[in-house]
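Every number here is computed from the coordinates shown, using simple stated rules; none is lab data. From a predicted model like this one, the values you see are computed outputs, not experimental measurements. Cβ atoms come from the backbone with ideal geometry, glycine included; neighbour counts cover every protein chain shown.
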Amino acid sequence: MRKLTKQQVFKDPLYGFIHVDDVLIKKLIDSELFQRLRRIRQLSGVQMVFHGAEHSRFVHSLGVYEIAHRFLTVPDINEALNDREKLLFLAAALLHDIGHGAYSHAFETTFGVNHEKIGAQLILTHPELRRILDTEDDMFAEDIAHILRKEKKFPLIEQLISSQLDVDRLDYLERDAYYTGAAYGHIDVDRLIRVLYIKNGKVVFKLSGIHAIENYLIARYHMYWQVYYHRVARAYEVNLEKIYLRVRDLLKEGYPFENNVDPLKKIMSNPEDLEAYIEIDDFYVNGLIASFKSSSDFILRTLAYDFLNRKIWTSIDVNPDNEHMIKDIEKTYTEEELKYYTSYRTVQNSTYRDDGEGFGDKIYILLENGKISTLKDQSKIIESLMLSGTKTDPKFFYRKR
């Protein structure tokens with residue numbers, strides 16, 4: 001672990017400063033792929049609802065790194081990880097979103113790609129990134145890929161980066177609440193760090209910190225339903241997905257696009273084309289859609305107009321009471337219009353579930369007698385919320401005539 005001669009800091013609205021001590025971390029931040037994250041918004045369609053949500057995957061990734069940096073001040077974590085593993089933890093936290101595509105999850109849904117798998121591949125194969133990571137040792141890149149793919153080679157680091165309560169969630173919930181202005185997203189990160197311990201290879205939290213955990217989970221639940229799953233944000237992403245769909249169909253028909261659609265064309269034919277994938281960021285997509293305003297294809301032109309001018313599609317709850325209304329609306333469209341101007345979408349979320357078998361699928365509580373229990377057994381609030389089950393919200397989206 002080579003240290004910088006002088007610590008570098010980034011001014012951050014949440015943490016005051018983000019601290020960089022290692023040469024490797026600085027080189028990763030300065031790399032082409034990491035700088036690309038500046039051109040990908042963190043919240044995609046949410047900025048159509050909350051106008052302040054203009055922050056990028058770049059600032060979020062720096063934030064996740066900073067929380068990981070602060071986790072290393074926890075005595076148990078400091079003792080459990082050797083120097084190489086500490087740097088692995090920091091680098092994996094920094095690079096956890098390196099594989100995100102334009103407009104994030106809308107891109108994944110349309111093209112059937114997984115940003116974590118793509119991120120692992122980029123870490124292994126991108127020349128600049130691999131060259132930087134190889135300066136540490138020949139297996140460093142492979143080990144970060146193991147962590148991102150959750151292959152249990154480094155179970156403790158995996159828990160810290162991807163679990164029910166991890167460095168990723170701690171940053172995005174607090175950061176997204178800050179930039180959207182959502183008051184219910186605040187999390188007591190400092191308290192959660194103070195009550196974190198390692199016991200038998202597991203991340204555990206002291207019983208005295210259970211109120212901070214309850215607040216975190218309830219805040220997470222409200223953020224999903226009030227921000228991430230907001231009707232307008234979902235409608236905007238449906239609009240974007242329909243643009244991708246129309247482009248795909250026009251390419252199959254041999255439509256003569258006047259602008260550079262080659263990266264999309266390559267991804268459509270081969271989702272594992274990493275060179276094409278990294279060319280596609282929000283800047284590219286926005287420019288392409290802007291060019292579609294003058295397209296000779298009426299459907300593509302209409303979809304682009306809606307997207308660029310915030311013409312949000314209407315939505316109706318899918319339930320027995322609305323069944324006839326939805327069917328009547330569908331009858332007003334031609335078969336082609338149904339394909340591009342309507343969509344059924346369902347989201348679901350629960351406050352907390354602990355029925356998974358993987359690392360980090362449960363939040364463990366360290367009792368005063370040294371024994372380990374589960375959050376469900378120690379929190380009546382969380383137990384009662386778990387009994388309420390998973391909330392589901394199916395909607396029918398359509399472009400109003």
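With r defined as the distance between the Cβ atoms of E258 and H51 and R0 fixed at 25 Å, what FRET efficiency is calculated, to the nearest 0.05? Kindly include the intermediate steps, with their values, before the conclusion.
Values: r = 32 Å, r/R0 = 1.28.
About 0.20, to the nearest 0.05.
Scan around I365 for amide H atoms under 5 Å from its own, H built in the peptide plane at 1.01 Å from N, and keep only partners 5 or more places away or cross-chain.
F205, S373, T374, L375
Could you tell me which GluC sites (Glu not before Pro) in the stretch 217-271 are loop residues by DSSP with no more than 14 other beta carbons within 10 angstrom of their beta carbon? Mind dumping the intermediate values first?
Numbers: sites: E237, E241, E253, E258; in loops: E258.
Sites meeting the loop and neighbour criteria: E258.
Mind checking the stretch 152-194 for trypsin sites (Lys or Arg not before Pro) that DSSP puts in a loop (not H, G, I, E or B) and that have at most 16 other Cβ atoms within 10 Å? Don't skip to the answer; put the middle values down first.
Details: sites: K152, K153, R169, R175, R191, R194; in loops: K152, K153.
Counting only loop positions with at most 16 other Cβ atoms within 10 Å, the trypsin sites (Lys or Arg not before Pro) in the stretch 152-194 are K152, K153.
How far apart, in nanometres, would the label points at T374 and V347 be if each is projected 7 angstrom from Cα along the Cα-to-Cβ direction?
Distance between the two pseudo-spin positions: 2.7 nm.
Between N82 and S208, what is the FRET efficiency for a Förster distance of 35 Å, r being their Cβ-Cβ separation, to the nearest 0.05?
Working: r = 29 Å, r/R0 = 0.84.
The pair N82/S208 has a calculated efficiency of 0.75.
Separation between the K327 and K199 pseudo-spin-labels, each 7 Å from Cα along Cα→Cβ, expressed in nm?
5.7
Give the shape of the stretch 269-401 as rounded, prolate or oblate, defined through the alpha-carbon gyration tensor: a ≥ b ≥ c are the square roots of its eigenvalues, a/c under 1.5 means rounded, and otherwise the shape is prolate if a/b is larger than b/c and oblate if not. Can you show the working numbers first?
Working: a/c = 3.61, a/b = 1.72, b/c = 2.10.
It comes out oblate by the Cα gyration axes.
Report ³J(HN,Hα) in whole Hz for each residue of the stretch 319-334, in order, from the Karplus equation J = 6.51 cos²θ - 1.76 cosθ + 1.60 where θ = phi - 60°; Gly and Pro get x.
Result, ordered by residue: 7, x, 5, 9, 4, 5, 4, 5, 4, 5, 5, 4, 5, 7, 9, 6 Hz.
Separation of the stretch 139-168 and the stretch 83-98 by C-alpha centroid, Å?
So the two Cα centres are separated by 9 Å.
Going Cα to Cα from K242, which lysines come in below 28 Å? Please leave out same-chain ones fewer than 8 positions away.
Counting by Cα, and skipping residues close in sequence, K242 has these lysines nearby: K117, K252, K265, K266, K293, K311, K327, K331, K339, K391, K395, K400.
Straight-line reach from K371: which lysines fall under 25 Å, measuring Cα to Cα and dropping same-chain residues less than 8 apart?
K152, K199, K202, K206, K362, K380
Once both labels are modelled 7 Å past Cα along the beta-carbon direction, what's the E336-R401 spacing in nm?
Simple spin-label model gives 1.6 nm for this pair.
For the stretch 208-214, in order, what is each residue's ³J(HN,Hα) by Karplus, 6.51 cos²θ - 1.76 cosθ + 1.60 with θ = phi - 60°, in whole Hz (x at glycine and Pro)?
Couplings: 5, x, 5, 5, 5, 5, 4 Hz.
Out of the trypsin sites (Lys or Arg not before Pro) in the stretch 271-373, which ones are loop residues according to DSSP with at most 16 other C-beta atoms within 10 Å? Numbers along the way, then the final one.
Working: sites: K293, R301, R310, K311, K327, K331, K339, R345, R353, K362, K371; in loops: R310, K311, R353, K362, K371.
Listed in order of number, the matching sites are R310, K311, R353, K371.
Specify whether the C-alpha gyration tensor of the stretch 3-216 places it in the rounded, prolate or oblate class, a ≥ b ≥ c being the square roots of the eigenvalues: rounded for a/c under 1.5, otherwise prolate if a/b is larger than b/c and oblate if not. Spell out each step's value before the answer.
Working: a/c = 1.41, a/b = 1.01, b/c = 1.40.
Rounded is the answer for the stretch 3-216, as its axis ratio a/c remains below 1.5.
Which ³J(HN,Hα) values in Hz, rounded to whole numbers, follow from the phi angles of the stretch 249-256 under the Karplus curve 6.51 cos²θ - 1.76 cosθ + 1.60, where θ = phi - 60° and Gly and Pro get x?
Whole-Hz 3J(HN,Hα) from phi for the stretch 249-256: 5, 5, 4, 4, 7, x, 4, x.
Please compute the contact order of the stretch 3-216 in relative form: average sequence separation of alpha-carbon pairs under 8 Å and at least six residues apart, divided by the residue count, as a percent.
Values: 284 pairs, mean separation 39.7, N = 214.
The normalised contact order for the stretch 3-216 reaches 19 percent.
Mean separation of Cα pairs under 8 Å and 6+ residues apart, divided by the residue count of the chain: what relative contact order is that in percent?
Numbers: 582 pairs, mean separation 66.2, N = 401.
The value is 17 percent.
So if I take the centroid of the Cα atoms in the stretch 208-252 and the same for the stretch 283-358, what is the distance between those two points in Å?
Distance between centres, Cα-based: 14 Å.
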